[in-house]
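The values are calculated or read from the model by the stated rules, or taken from the named source; none is laboratory data. Everything numeric here is computed off the predicted structure, so don't read it as measured data. Note: ideal-geometry Cβ built from the backbone for every residue, glycine included; neighbour counts use all protein chains shown. Just so you know, the surface numbers come from the protein's heavy atoms only, side chains and all, with ligands and any DNA or RNA stripped out. Shrake-Rupley method; radii C 1.70, N 1.55, O 1.52, S 1.80 Å.
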Amino acid sequence: MVIQLQFPVQQGKKNNPALPKSSGLKNPLKRTQFSDAALYRMSRYLNVVREFQRKDIPYISTSDLALQLGISTASVKQDFLSLRSKGRTGIGYEITELMEEFNSILLPGGFISFAIVGFGNIGQALANYKSLAQRGIKLQAIFDINPKLQTCSVKGIQVRDVEEIVYLCRELKIDAGAICTPSFAAQEAADLLIKGSVRGIWNFAPTEITVPDNIILIHEHILCGLYAISHRLGRKDQNSNEEEPHKLAQIHSRS
């Protein structure tokens, strides 16, 4: 299964665990298959909800979320149709319930474990990302082919030789592997991760790789965002240049 995305998407285990008894969510869990675009929006909703919680704001409305994210209220309401949380007219949705529900959707197993292959600039940045553990994303192993980098460690995790990928991924029951290698090494890294029983590949290498149909593959093309900005800026510049002759024609027609 290959998914072309500009953002990471968490696809969890199929069997969603029951919510704890202390949960404020009263409706039974719906087994809904969300689209990748909806999951992306939910990760953004979760960021906003966390910020509201940090400010001790107990409720949030769909219009608040739409305003914060710069999208339509209709889009937010459509996403919320599948949620168990139900808002109150004139008040909104309870922050704690939304936090719990978004976490159950994005991390149905409670957390996801992953390994990094390639400890260059991208691999090091990812390994040092501070809020991963706080958000249920557990870095379990780091691998690199360079012996000099194998003397390094991050958060108590020693960088290991790539020859240990298969064994350690099986031993640690790694869910996903982040490929941060150069292009030429990406496919081999993916093959080793899959042999290690990893079920999801998060590819940061600037190349395409192939995986079996039962493996989830997310391409994280870092430059895509800048290409999109560049394209839109170019279109704006082009439109501005096209407007000038039109304005001049109007001026000449009046003279």
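Among the residues of the stretch 128-158, those that are more than 26 Å from G110 (Cα to Cα) and touching an Asp or Glu at 6+ places or on another chain (Cβ under 9 Å) comprise D144, I145, P147, Q150, C152.
Could you list, ordered by first residue, the pairs with Cβ atoms under 9 Å in which the first is in the stretch 194-221 and more than 17 Å from D36 (Cβ to Cβ) and touching a residue at least 40 places away in the same chain (Cβ under 8 Å) and the second is of a type in the set (F, W, Y) and open to solvent by less than 60 Å² (accessible area, probe 1.4 Å), at least 6 apart or interchain? Close Cβ pairs satisfying both conditions: V198/F114. Annotation note: of R50, R31, the sole residue that is within 15 Å of S82 (Cβ to Cβ), of a type in the set (K, R) and either modelled with pLDDT of 85 or more or out of contact with any Ser or Thr (no Cβ under 9 Å at 6 or more places or on another chain) (or both) is R31. In the condition set (1) in contact with a helix residue (DSSP H, G or I) (Cβ under 7 Å, 6 or more places away or on another chain); (2) modelled with pLDDT of 95 or more; (3) open to solvent by less than 50 Å² (accessible area, probe 1.4 Å); (4) under 20 Å from G200 (Cβ atoms), V159 is compliant with all but (4). For the stretch 77-91, the condition of being assigned to a helix (DSSP H, G or I) and in contact (Cβ under 8 Å) with a residue 24 or more places away in the chain holds for at least one residue. The condition (being part of a loop (DSSP other than H, G, I, E, B), open to solvent by 30 Å² or more (accessible area, probe 1.4 Å) and not β-branched (V, I, T)) is satisfied by just one residue among N103, N146: N146.
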